[in-house]
1. When you go through (1) in contact (Cβ under 8 Å) with a residue 12 or more places away in the chain; (2) out of contact with any helix residue (DSSP H, G or I) (no Cβ under 8 Å at 6 or more places or on another chain); (3) surrounded by fewer than 20 Cβ atoms within 10 Å (Cβ to Cβ) one by one for residue 138, which number turns out not to apply?
2. Take the residues in segment 301-327 that are out of contact with any helix residue (DSSP H, G or I) (no Cβ under 9 Å at 6 or more places or on another chain) and assigned to a helix (DSSP H, G or I), then tell me which one is farthest from residue 497 (Cα to Cα).
3. Scan segment 473-493 and tell me whether some residue there is surrounded by fewer than 24 Cβ atoms within 10 Å (Cβ to Cβ) and farther than 19 Å from residue 321 by Cα.
4. Look at residue 629 and say whether it is in contact with a helix residue (DSSP H, G or I) (Cβ under 9 Å, 6 or more places away or on another chain) and surrounded by 15 or more Cβ atoms within 10 Å (Cβ to Cβ).
5. Which of the residues spanning segment 328-345 are in a loop (DSSP other than H, G, I, E, B) and either within 19 Å of residue 537 (Cα to Cα) or touching a helix residue (DSSP H, G or I) at 6+ places or on another chain (Cβ under 9 Å) (or both)?
6. Is it the case that segment 473-488 has a residue that's modelled with pLDDT of 95 or more and outside any strand (DSSP E or B)?
7. Of all residues in segment 626-657, which are farther than 14 Å from residue 579 by Cβ, part of a strand (DSSP E or B) and out of contact with any strand residue (DSSP E or B) (no Cβ under 7 Å at 6 or more places or on another chain)?
8. Which of the residues belonging to segment 324-340 are surrounded by 14 or more Cβ atoms within 10 Å (Cβ to Cβ) and farther than 15 Å from residue 452 by Cβ?
């Protein structure tokens, strides 16, 4: 370490503080000499490199901020080599890495000025991973610090904490093992003044408990923010020059004048009528300015006119809510759009549902399979199996667009995971329901909150498939319009309110409590009391949606689909597993081949047997039970085979792999000179186990059975 050379002659600068029982340190000028800014963050044995690149050039023709944030898992960081036999190099990011990248992106993205169009990239690379806690929050601190050091107009810093519960107290940096069984797994990201992002998975936690955890997290993450500011004071970095891409004020004024008296109450119509009216307005506006300017000149400024149109529409949405108390489609602030749903609409799938809320519609299909179809995860952090996985698809046609079809993007992965997390707490155990479960949501139409529609549709389809969930789950998306100090909370937001609003807040749960939550701010910081109000209003909305769902299907079906495989599980002593498998797998292969079943064996002794035919399952089950059964003195074994005949008696197999001797004196009440005169190899006989000697040898008798009759 002492020999590290900085080619620019800069001193290595570091700051540190105690943070939840470990030292948190931020260090610059050791690595990353050609980045805009780089920082090494160390916490315990975890080391994360935060690297940021900021382009000095503006990209003029974009209507969005070109920010990309990636989270890089490195197997070596955990002392691992990829478990794949053929691929040892890290490839495309795992779903976990994508989700963590989104987790870091969401609180950072709103903290840049509107109209900023410099290309920005942030990469968090985990170089060393302490297995005692997840490294994602350290990665968030690393990128926040690097953005602050870059001199770009990032209105940070931020920090994040992952909170769980231990001995009725809130704790941070809990072990992965505890998090897996904890009633709460909560991530909170915040600035010095307010919360920017919340994400949680919970086991039916109450709103009051959640607010308590939020208060704890917001207070306890502040030292990580203070440490970033301390480093910034030491570095004294130069601010970068930048320019903002803004709408031409004259174009905006012209569009506003043209739209005058065409908005307001004229557009307060239910969807899709409102959408049709806006589309016609846009087409009419284009025609007007083409006529006024000429087609060629309008074409050059077309995007500016469209952006001015959208900005004016969003302004009208906000004004309608703030001044008139009217939402874009005329609903009350806590009113839910019209609901409809049905189940069993796909005849050959194991469970299906169609859930519609306004113009948003989600079709879900559930597939059941033996546990061997569980997904194997092998990442930097995890080596485990997932028996329940939810996938979400939303092609371009669902928003009326033409898009190339391809693999799921970050949004699809994120929405799928949110709905999956919402249902996980109510799934039955493997023992009670030994199935792998795949749920797929195909979005049919989008107009706000498709992830919550996916949650509701998934729940109905699971019940339709006969999955014995412990309680039904519903979900709702909430919005927020900030009118100075007056927050207006909206239930069940549609696209227009999402685009014009200041918060996107999604919450799922049962009648007992919350199972998942996701909140993103679009403006800097939010006070916890506003979140508390939103949670209470969301609870009312969730219950309204849940009542509708229960009117369609009020509980899981008692039987699974006729097209689903039947699966039964039994438990044996782990010491007996090798007897079931047999030498070189001979026994298990024989059982599966002769019974035509699929058999899975877990290390804890859980065995699942799958087949469409119950008789085949029973045959395999009895076979396995006979292999692991222990011989019982005094028990009669009927129709068991003679395996060999000798001069002094015959050996009989009473259980697979367990032979006993019927001595010549125990064959019959009559004198027997030669056992072969009465018994032949392959004969079926009924015997009684009369003794087991001190060497474990089995002593059998045929005549004892005859004498007992």
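1. (3)
2. So the first thing to find is which residues in segment 301-327 are out of contact with any helix residue (DSSP H, G or I) (no Cβ under 9 Å at 6 or more places or on another chain), and the list is 303, 322-323, 325.
With the extra rule that they be assigned to a helix (DSSP H, G or I), the set shrinks to 303, 322-323.
Numbers: 303: 22, 322: 12, 323: 15 Å.
Only one residue tops the list, namely 303.
3. No; the residues of segment 473-493 include none that is surrounded by fewer than 24 Cβ atoms within 10 Å (Cβ to Cβ) and farther than 19 Å from residue 321 by Cα.
4. Criteria not met by residue 629.
5. Matches in segment 328-345: 328, 329, 330, 331, 332, 333, 334, 335, 336, 337, 338, 344.
6. Yes - at least one qualifying residue is present in segment 473-488.
7. Residues satisfying the conditions are 645, 646.
8. Selection gives 326, 327, 328, 329, 330, 331, 333, 334, 335.
The values are calculated or read from the model by the stated rules, or taken from the named source; none is laboratory data. Every value quoted in this text rests on a predicted model; they were computed, and no experiment measured them. FYI the Cβ positions are ideal-geometry reconstructions off the backbone, even for glycines, and counts take in every protein chain you see.
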